[in-house]
Amino acid sequence: MAVRVVTDSLADLPKDIAKDYGIEVVPLYVRFGDEEFKDGVTLSSDEFYKRLTAGPHSPKTAVPAVGEFAELYSRLGQDAEGIVSIHISSKVSGTLNSAEQGAKEAKAKCPIEVVDSLQASMAIGLIALTAARAAKKGASFDEVVKLTRSAVTRAHCLTLMDTLEYLEKGGRIGKAAALLGSLLSFKPMVGLKDGEVHAFDKPRTRARGIEKLKEFLAQHSPVESYCVMHSTVPEEAQALLTELKASVKSDVPPILARYGPGLGTYIGPGGLGIGVIEKPRG
């Protein structure tokens, strides 16, 4: 019996990595008008960004139903030592609440720990991978829970965006609203702090924004794990990752990931970001 790890599609975990570590990903829903899709399942990132920039409808997201979590937990819980389910910040999405209610309804034969990552995108993904690596090595349920909650306190993310338009339309702008009206000649940078969206910086050029991403990673060194994310700029993201690999040491190889439809709804095209988990101190 092993510990099983669950997350949601807003973790932006690359599918091959999730599969390799046995991480179950529960998709959110993305709606364009009357059409509804499962994030990353029935709607690819390429198709999503095409619709986002050319379609007549602005996308909306919806959380998975309680029953979807209950069904998954019930299935996994038949032969698992425990389930650790790690989700996007409860302050920006109702996904965690849906997972908690699903855990109460599940017919699992093991304990279920639902964890608020207080983060988004691959900051969640890196936490889930921390848990899954430990589980794969045979860690107990209590040990995986402890490692997961420790990783939550050390996880950070930052995104450089072309515009706040999509974040504002989606109603997730939070405390980054202070940037509105001052960005005609700036590039917005936002991150999560205490689970809420906050303004981080407003560099005048994209090149300066990329330098800020590098500085952000350096500020959170020494590094346990990190990732470069993008929405529609793969070459730029790969160049940044290649540069970082030459200068930033981490306990595990860094990852290149893409903001999927769920988060792409709020980030929009041109997004470039960093997710990182610091090494424990002391």
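Checking each residue in segment 229-247 for being among the β-branched types (Val, Ile, Thr) and either assigned to a helix (DSSP H, G or I) or modelled with pLDDT under 95 (or both) picks out only Thr242.
Here the condition is being of a type in the set (A, V, I, L, M), at pLDDT below 95 and under 18 Å from Glu278 (Cβ atoms); of Leu192, Leu180, it holds for Leu192 alone. Among the conditions (1) assigned to a helix (DSSP H, G or I); (2) over 17 Å from the mean Cα position of the chain (by Cα); (3) over 23 Å from Leu192 (Cβ atoms); (4) in the same structural domain as Arg149 (by TED's automatic domain parsing), Phe69 misses just one, which is (3). In segment 50-61, of all residues being outside any strand (DSSP E or B) and either in contact (Cβ under 8 Å) with a residue 60 or more places away in the chain or aromatic (Phe, Trp, Tyr) (or both), the one that is nearest to Asn97 (Cα to Cα) corresponds to Ser58. Confirm whether Ala207 is surrounded by fewer than 12 Cβ atoms within 10 Å (Cβ to Cβ), part of a helix (DSSP H, G or I), modelled with pLDDT of 95 or more and in the same structural domain as Phe186 (by TED's automatic domain parsing). For Ala207, the condition - surrounded by fewer than 12 Cβ atoms within 10 Å (Cβ to Cβ), part of a helix (DSSP H, G or I), modelled with pLDDT of 95 or more and in the same structural domain as Phe186 (by TED's automatic domain parsing) - is met.
Within segment 1-18, being outside any loop (DSSP other than H, G, I, E, B) and of a type in the set (A, V, I, L, M) holds for Ala2, Val3, Val5, Val6, Leu10, Ala11, Ile17, Ala18. Determine if segment 19-27 includes at least one residue that is out of contact with any strand residue (DSSP E or B) (no Cβ under 6 Å at 6 or more places or on another chain), under 16 Å from Leu129 (Cβ atoms), assigned to a helix (DSSP H, G or I) and free of Cβ contacts under 8 Å to residues at least 24 places away in the same chain. Yes - at least one qualifying residue is present in segment 19-27. One residue alone among Thr153, Thr159 is at pLDDT 95 or above and outside any helix (DSSP H, G or I), and that residue is Thr159. Out of (1) surrounded by fewer than 13 Cβ atoms within 10 Å (Cβ to Cβ); (2) at pLDDT below 95, what's the single condition that is false for Asp16? Unmet condition: (2). Based on this model, can you work out whether Pro64 counts as over 30 Å from Thr153 (Cβ atoms) and assigned to a loop (DSSP other than H, G, I, E, B)? Answer is no for this residue.
The values are calculated or read from the model by the stated rules, or taken from the named source; none is laboratory data. Treat the numbers as computed from the prediction; the structure is a model and nothing was measured. Cβ sites come from the backbone with ideal geometry, for glycine too, and all protein chains shown count toward neighbours.
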